[in-house]
Amino acid sequence: MLIFTQLKPPNRDAAVTFTLALTAEERTRSRHRFETEDGKVVFLHLPRGTVLHDGDILQEETHSSSIRITAKPELVLTAFAQTPLLLLRAAYHLGNRHVPVEITPTYLRLSSDSVLHTMLEQLGLEVKEEILPFQPELGAYGQHHHAH
């Protein structure tokens, strides 16, 4: 089993031994056992509270291997609004429910949930269910080890 203990910043040109696709929720697990698509067992032993991002690189404790983290596509809701104010109102209501949300100027994205789907439609947003990488905001007190 490979044990990854060091977080390196994203570097598209860095040579890596393999990649590990993780969901948004899995990227919040700093100490966990995972299995790669080709069956390799890896263990993350990172400082508690570490949140991984798409493109992050992890170094194995003996420096013999490195792994690139990728955002695994997952079932999400993407909500679009006719006006910026409507998008802001939806973000407010989702935040009031402590829902992890990916926020952009043109859409909000969250994990698929039928109750929230209905709420967003009742607020007047167009909601699409999709399978895409999900990269929610970390929150005001989240770990910010580098900018994205």
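The values are calculated or read from the model by the stated rules, or taken from the named source; none is laboratory data. Here the structure is a predicted model, which is why all the values come from computation and not from measurement. Quick note on the areas: whole protein, heavy atoms, side chains included, nothing else; ligands and nucleic acids left out. Shrake-Rupley method; radii C 1.70, N 1.55, O 1.52, S 1.80 Å.
Helix 84-96 axis versus longest C-alpha principal axis of the chain: approximately 60°, rounded to the nearest ten.
Within the straight-line cut-off of under 18 Å between alpha carbons, the lysines reachable from K40 are K72, sequence neighbours fewer than 8 places apart in one chain being disregarded.
Ranked from largest to smallest solvent-accessible area, with a 1.4 Å probe on the protein heavy atoms, I3, I67, I103, I131 come out as I131, I103, I3, I67. All alpha carbon pair distances within the chain were sorted into 5 Å bins beginning at 0; the resulting P(r) in whole percents reads 2, 9, 18, 19, 16, 12, 10, 7, 5, 1, 0.
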